């Protein structure tokens, strides 16, 4: 039924935007709205610890307990000097905590924002930034114990420790693509979050986090296949006054590039469907 | 058979035996500066879906949707209200979702708090609020910032008579300052008051367009009807979900 309301053909409508362009705009817009995702992340943290006694330092305390318990037993098992093992374990656990939580919470990126996504138009990448930034805040709280441990065990740390800044930056970028990718897959297939959780738990045991990579012996050749080890190694080694294994940076950069390109491709394709999936 | 007895959009099984819902079918619209549009239809006709497409929340699976101007989509008055956060925190959060910078929101907080008349409850968690209090909060936040393009979906105005009065005046101001209004409602009163033109949706298709009175007459001729004007005066609830 037509009326004087039918499409006004004299209006110049803009050219349709390609999906890739829309996805790229989404990513740029999301990154630029730092006030949005940082405020949301802060609120998440505040809410998480509301009503609790220790607040965010609950994680720090639980980490100290874990380190104390594991340190004594596993130093014995791996025949490592406890003065070397405890700092190794502490730093490893702190970083692993960050990496594993980013991955597991990455599954909930869009699912947890269901209310917002169906009510208000917002770049989707904002939710990924929110998740990663929130985990960076938690990491900052946990990092508090690292200098203490390094001092107590007299770990020789020089200026080369500053390389953890670009290292953490690369980890953040990886966190973003993982959050977007897993967020999309989990929005479509609801059994993905528990599968990812189990997978990450298994990875904790097979990745040299609480045991030294040398314990692998001949299987060390397969270690470059584990990008999570590269992620941990690249931050842990400088903090312990050493250098990461030769291939760690390469593995990390390769997975960053492959991850970003692959996720961008999928994000461009499926971004319009996310609002329908959740 | 299913379609004929329901008012919802079309359901069908595709080749892989998945159920598809066609909520909107061949909807072509052009809405310009100054338009005040009423969206009428039975439950499930596609009004909320259309509003979401117009707001940019849903991408159309076929065709394009263009908009120019700041869109305020007020599709659910309790948008993102976090029950564990205090009223004050919810104001800031909601401002963020509405793309208002915290700096700007902070300057409006006092005005919003005053409007809600929640008093000391504003610093209590939102889960301690009654439904009416939540609506006051949601409404106050939604109407704090002038909107260029205002999309409203069946506003639930549950509240006591005094708040309703206040809300009506605030609405007048709010709607008056927007360039475009698209309002989905079942209330004839609201539609006559705010809108000039109307679109009627039926099973996801545009069944009628034109002047609000004409279209309301067409709609009232169908089995489902609008809430007639005299019923509204006695109810404290306007519109329905």
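Since every read-out is calculated from the coordinates, none of them should be taken as a lab result. None of these values were measured; they are calculated from a predicted model. With ideal geometry, Cβ positions are generated from the backbone for all residues, glycine too; neighbour counts draw on all protein chains shown.
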- Task: Determine the relative contact order of chain B: mean sequence separation of Cα pairs under 8 Å and six or more apart, normalised by residue count, in whole percent.
- Result: 28
- Report, to the nearest 10°, how far helix A:192-206 tilts away from the longest principal axis of the Cα atoms in chain A, using its own Cα long axis and a range of 0 to 90°. 20
- Taking N as the number of residues in region A:157-278, what is its alpha-carbon radius of gyration divided by 2.2 N^0.38 Å? 1.21
- Alpha-carbon radius of gyration plus Dmax, which is the widest Cα pair, for region B:40-152 in Å: 15.6, 50
- Angle between the Cα long axis of helix A:82-106 and the longest principal axis of chain A, 0 to 90 degrees, nearest 10? 10
- Message: Which one, A:14, A:123, A:208, has the greatest fluctuation when you compute a Gaussian network model over chain A with C-alpha springs under 10 angstrom?
- Response: A:14
- For chain B, alpha-carbon Rg over 2.2 N^0.38 Å: 1.07
- Query: In terms of the Cα gyration tensor, with a ≥ b ≥ c the square roots of its eigenvalues, is region A:84-143 rounded because a/c is under 1.5, prolate because a/b exceeds b/c, or oblate?
  - Reply: prolate
- Relative to the first principal axis of the alpha-carbon coordinates of chain B, what is the inclination of helix B:161-176, with its axis defined by its Cα atoms, in degrees from 0 to 90 and to the nearest 10? 70
- Note on the structure: Over the Cα atoms of region B:9-103 the radius of gyration and the largest Cα-Cα distance (Dmax), both in Å, equal 17.2, 53
- Note on the structure: Taking only the Cα positions of chain A, the convex hull volume per residue in Å³ is 166
- Query: Separation of region A:217-278 and region B:157-227 by C-alpha centroid, Å?
  - Reply: 53
- Message: Neighbour counts of other C-beta atoms within 10 Å: give me B:163, A:265, A:153 arranged from fewest to most.
- Response: A:265, A:153, B:163
- Note on the structure: Note to self: Kirkwood Rh of region B:65-108, Cα pairs, one decimal, Å, is 11.7
- By counting other Cβ atoms within 10 Å of each Cβ, how are A:276, A:74 ranked from fewest to most? A:276, A:74
- Item | Candidates B:138, B:41, B:56: whichever shows maximal mean-square fluctuation once chain B is modelled as a Gaussian network with Cα springs under 10 Å | B:56
- Query: What list do you get for A:105, B:84 if you sort them by fewest beta carbons within 10 Å?
  - Reply: B:84, A:105
- Note on the structure: Kirkwood Rh over alpha-carbon pairs of region B:108-211 plugged into Stokes-Einstein at 20 °C, 1.002 mPa s gives a D in µm²/s of 140
- Task: Report the percentage of all Cα-Cα pairs in region A:92-234 whose separation exceeds 25 Å, rounded to a whole percent.
- Result: 36
- Query: Hey, got the Cα dimensions of the protein assembly as shown along the principal axes, in Å, largest first?
  - Reply: 87, 57, 42
